[in-house]
Each structure stands twice: as structure tokens, then as C-alpha cells.
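The values are calculated or read from the model by the stated rules, or taken from the named source; none is laboratory data. What you see is a predicted model, and the numbers here were worked out from it, not measured in a lab. Methodologically, a virtual Cβ is constructed for each residue, glycine included, from the backbone with ideal geometry; neighbour enumeration extends over all protein chains shown.
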Amino acid sequence: MTRAEFLTRLRRGLNGLPPETIDEIVADHEAHFVEAAAAGRQDPEIAAALGNPERLAREVRVEAGLSRWEAEKTPSNAVAALVALIGLASVDILFLLPLLVGVASVLASLFIAAIGIFIGGGAALVAGPFFGPPGGPLVAILIGIGLMAMGVLMAAVTAVLTIWLVNFLVWFARLHYRLLKPALQQNESGEI
């Protein structure tokens, strides 16, 4: 994604906020592009590091709604903060949670299958030569070794995919932490 595409999508996502707030946020993100480009990074790499512009806009809208609520506790500010939070949480609950459960189930199934294939290969390696398979005992031994290798390969691929999933979850948690950080800092300083 180019700088212009990122900033356009971010500006579109911030629609409804005060124009000076939108301009300030877009200028901050444009400054990130300028600084990173000066360091030799390309636009797609910078955009990927900054994250999804629509998601950033939703987080900013939530933060703005919460700030308005903290500044002036009126019913309209409460509704605005709740709507923004529900909008951010709905993406997580409706799309990401079922996806995460599905992916975790598939990874667990692959790992269990890898263990089963490995054990089956071990059984074929040990017991296969005694049952007189077609091709003789050497074929049974090679099939057993092949199945055990396939089980190890499946377990290794599953481990790599699990690491990618955990890294994604860490990245996603950091996005939420950026949103919660001001509130956490207030609690640490003793403010309520």
C-alpha cells in the first residue's frame, strides 16, 4: 500500500471527527512515512508496520469518544463512547474470535494427526516385518520410517503455524494496548 492510499483510507475512517483532529492524526502518520522513508524504508513496509488504516481509525474514534466522555460526562458523550467501543469490539467478536477458534482447532487437529501418524509409523516399523507385507520386510520398515518422518514434518509445520498465530495475537494485543494505555497510566498514577 502506498503512502497516499494509507492516508486516504485513514482519513476516510476518521470521517465524523473534528476536521482539525483528522488533519493532526493524518499529519502524524504522514510524518511516520517521511521519517521511515528517510531511513530507507519503502511505503508498503511502512504501511504494514503502521497497521490497517481502518483499524487505526476505529481505535482513534474509540479513544476520542472516551476522551470526550472523560472530559464531560453527558448522555450524548456516553452514547458516542459506547457506539465506538461496540464498533471496535464487534470486529473482534464477530470476525476474529470465530476465526481464531477455527484456526486453533485446525492446528490442534493437525498436531494430533501428526502424533497419530508418527505412532502408526512406529508400529509399522516395529510390527510390519512380522506380518509378511507385500514386498517383504524392507518395504514395511521403509513405510514405517516414511510415516514417522511425515508425522515429524506435520508436527514441525504445525509448530511454525502456531508460532505465526501467537505472533499475530501479540501484534493484535499491542493494538488494543495502545488504546488502553492512557487509562492504565491514569490508574497507575492513582487517578480514577
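At a glance:
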{"read-out": "Answer from Ala57, Ala37, Ala47 - the residue that is over 22 Å from Phe168 (Cα atoms) and among the hydrophobic types (A, V, I, L, M, F, W, C)", "value": "Ala37"}
{"read-out": "Output for segment 9-23, where each listed residue is assigned to a helix (DSSP H, G or I), touching a residue at least 24 places away in the same chain (Cβ under 8 Å) and surrounded by 17 or more Cβ atoms within 10 Å (Cβ to Cβ)", "value": "Arg9, Leu10, Gly13"}
{"read-out": "Filter result (touching a residue at least 12 places away in the same chain (Cβ under 8 Å) and over 16 Å from the mean Cα position of the chain (by Cα)) within segment 39-57", "value": "Asp43, Pro44, Ile46, Ala57"}
{"read-out": "Filter result (surrounded by 13 or more Cβ atoms within 10 Å (Cβ to Cβ), assigned to a loop (DSSP other than H, G, I, E, B) and modelled with pLDDT of 85 or more) within segment 24-58", "value": "Arg41"}
{"read-out": "Residue match in segment 108-115 (condition: part of a helix (DSSP H, G or I), at pLDDT below 90 and surrounded by 12 or more Cβ atoms within 10 Å (Cβ to Cβ))", "value": "no"}
{"read-out": "Residue in segment 68-81 that is at pLDDT below 80, closer than 17 Å to Ile25 by Cα and among the β-branched types (Val, Ile, Thr) present", "value": "no"}
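Residues checked against (1) under 25 Å from the mean Cα position of the chain (by Cα); (2) modelled with pLDDT under 85:
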site	(1), (2)
Phe131	no, yes
Pro134	no, yes
Leu142	no, no
Ala149	no, no
Val152	no, no
Val157	yes, no
Val170	yes, yes
Arg174	yes, yes
Pro182	yes, yes
